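Asker: The structure's right below; bear with me while I get my questions together.
The values are calculated or read from the model by the stated rules, or taken from the named source; none is laboratory data. These numbers come from a predicted model, not from an experiment. In this analysis, Cβ positions are derived from the backbone assuming ideal geometry, glycine residues included, and neighbour counts consider all displayed protein chains.
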């Protein structure tokens, strides 16, 4: 079996699996906020994880707030920076048309309370138009309460110029949040060099146990708690911390740090795979072909053949891919991300996403290539639309 849906959810990385076997056998288990020795031991371990993550992510330990993952983090960031009823002086949110549904729904929530949503144009290559953003800021910068553009797209792996966007945000004194869920753990990231005010991480995207995550906040004092409770995380996130989940996040990020030298090899394998499959099927479209992308992500389409049909054919050969993101994989239509790029239905309905990891080998890509060739040769004879 070949699992090629790491952007959807990554299996436990080997280091995490090994860690858990020993951790679950040996314990200890307790509430990390208890004052007895077991509680203190777990709290010490959790703070050790915070220090390890701060070093890996290029931030200060007090800038990390543990939570359940990116969706919670995104909601808390919006909730902290935006009021239910905006003032006339600050009533604009600037975003892009390629954001994850968690960001989209937060924007819609606050739009319903009176905020105006301005959308940056996306160029055909999948990268937001910085010129258009500069224009929006010239006209609306003083009234903008939040700027939010993701770092790397979950569907196609296209990397956005978030550092340049951050500079524009700083110049206009606007808080900038970038959804880094697909970026962190798939390529190198340093918060202190990112020009971001807020970033997020989800454990299941990096090979840790599902259900944990964190916010990185340049100034944590500007956050307000979304979950109320016993004052955990310095009062910024109530509820007993998922300490074992947090431990696995630290192990997974440490594993990435130890293996990041493999990024070039994985990127080279992806480029070779794309070249080979397009040589066999010249009609193929590779989304974001001329744009910076995550080393491990390919979104590909054969115009006129439904992506779901390709997905089914690949699964029959024990290769598991998706047609877009897990949040919209069951919708047989062109995603709003691809529409924002100006991609029509003939290509958009035909996409599949292949997303792998740093452990990818030439043999894995070779097997995917053969399976995809078999699928296309079969489906070309019965084009869907």
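Asker: Residue under question is residue 126, and the condition is that it be buried (at least 19 other Cβ atoms within 10 Å of the Cβ) and either in the same structural domain as residue 244 (by TED's automatic domain parsing) or at positive phi (or both); does it hold? Lay out the reasoning, then the answer.
Answerer: Numbers: buried (at least 19 other Cβ atoms within 10 Å of the Cβ): yes; either in the same structural domain as residue 244 (by TED's automatic domain parsing) or at positive phi (or both): yes.
Criteria met by residue 126.
Asker: Within segment 1-37, work out how many residues are within 17 Å of residue 256 (Cα to Cα), out of contact with any helix residue (DSSP H, G or I) (no Cβ under 7 Å at 6 or more places or on another chain) and assigned to a loop (DSSP other than H, G, I, E, B).
Answerer: Residues that pass the stated criteria total 4.
Asker: Can you confirm whether residue 339 is modelled with pLDDT of 95 or more, closer than 25 Å to residue 187 by Cα and outside the structural domain of residue 154 (by TED's automatic domain parsing)?
Answerer: So residue 339 fails the test.
Asker: Let me ask another. Would you mind finding the one in 141, 131 that is within 23 Å of residue 85 (Cβ to Cβ), over 24 Å from the mean Cα position of the chain (by Cα) and at pLDDT 95 or above?
Answerer: Only one candidate passes the filter, namely 141.
Asker: Any residue in segment 98-116 that is free of Cβ contacts under 8 Å to residues at least 40 places away in the same chain sitting within a Cβ distance under 7 Å of a residue that is part of a helix (DSSP H, G or I) and surrounded by 14 or more Cβ atoms within 10 Å (Cβ to Cβ)? List the pairs, counting only those 6 or more apart or interchain.
Answerer: Once the first residue is free of Cβ contacts under 8 Å to residues at least 40 places away in the same chain and sits in segment 98-116, its partners that are part of a helix (DSSP H, G or I) and surrounded by 14 or more Cβ atoms within 10 Å (Cβ to Cβ) give 106/74; 106/75; 106/78; 110/78.
Asker: Also, I was wondering about something else. Here's a check for you: in segment 204-240, which residue that is within 23 Å of residue 156 (Cβ to Cβ) and in contact with a strand residue (DSSP E or B) (Cβ under 9 Å, 6 or more places away or on another chain) is surrounded by the most Cβ atoms within 10 Å (Cβ to Cβ)?
Answerer: Across segment 204-240, the extreme among qualifying residues is 213.
Asker: Which condition does residue 118 not pass, out of (1) surrounded by fewer than 20 Cβ atoms within 10 Å (Cβ to Cβ); (2) closer than 28 Å to residue 9 by Cα; (3) in contact with a helix residue (DSSP H, G or I) (Cβ under 7 Å, 6 or more places away or on another chain), if it passes all the others?
Answerer: Single failed check for residue 118: (2).
Asker: Of the conditions (1) touching a residue at least 24 places away in the same chain (Cβ under 8 Å); (2) part of a helix (DSSP H, G or I); (3) over 22 Å from the mean Cα position of the chain (by Cα), residue 279 clears all except one; give me its number.
Answerer: It fails just one condition, (1).
Asker: Right, another one. Just checking, which of 261, 254 is modelled with pLDDT of 95 or more, under 23 Å from residue 57 (Cβ atoms), surrounded by fewer than 21 Cβ atoms within 10 Å (Cβ to Cβ) and out of contact with any helix residue (DSSP H, G or I) (no Cβ under 9 Å at 6 or more places or on another chain)?
Answerer: 261
Asker: Quick one: which of 78, 66 is touching a helix residue (DSSP H, G or I) at 6+ places or on another chain (Cβ under 6 Å) and more than 20 Å from residue 185 (Cβ to Cβ)?
Answerer: 78
Asker: Return only the number of the condition from (1) within 19 Å of the chain's Cα centre (by Cα); (2) under 26 Å from residue 30 (Cβ atoms); (3) in a loop (DSSP other than H, G, I, E, B) that residue 250 does not satisfy.
Answerer: The single condition residue 250 does not satisfy is (3).
Asker: For segment 338-385, what are the residues that are over 18 Å from residue 302 (Cα atoms), part of a helix (DSSP H, G or I) and within 26 Å of the chain's Cα centre (by Cα)?
Answerer: Step one: of segment 338-385, the residues over 18 Å from residue 302 (Cα atoms) are 340, 356-367.
Now restrict to residues that are part of a helix (DSSP H, G or I): 340, 362-367.
Passing the criteria: 340, 362, 364, 365.
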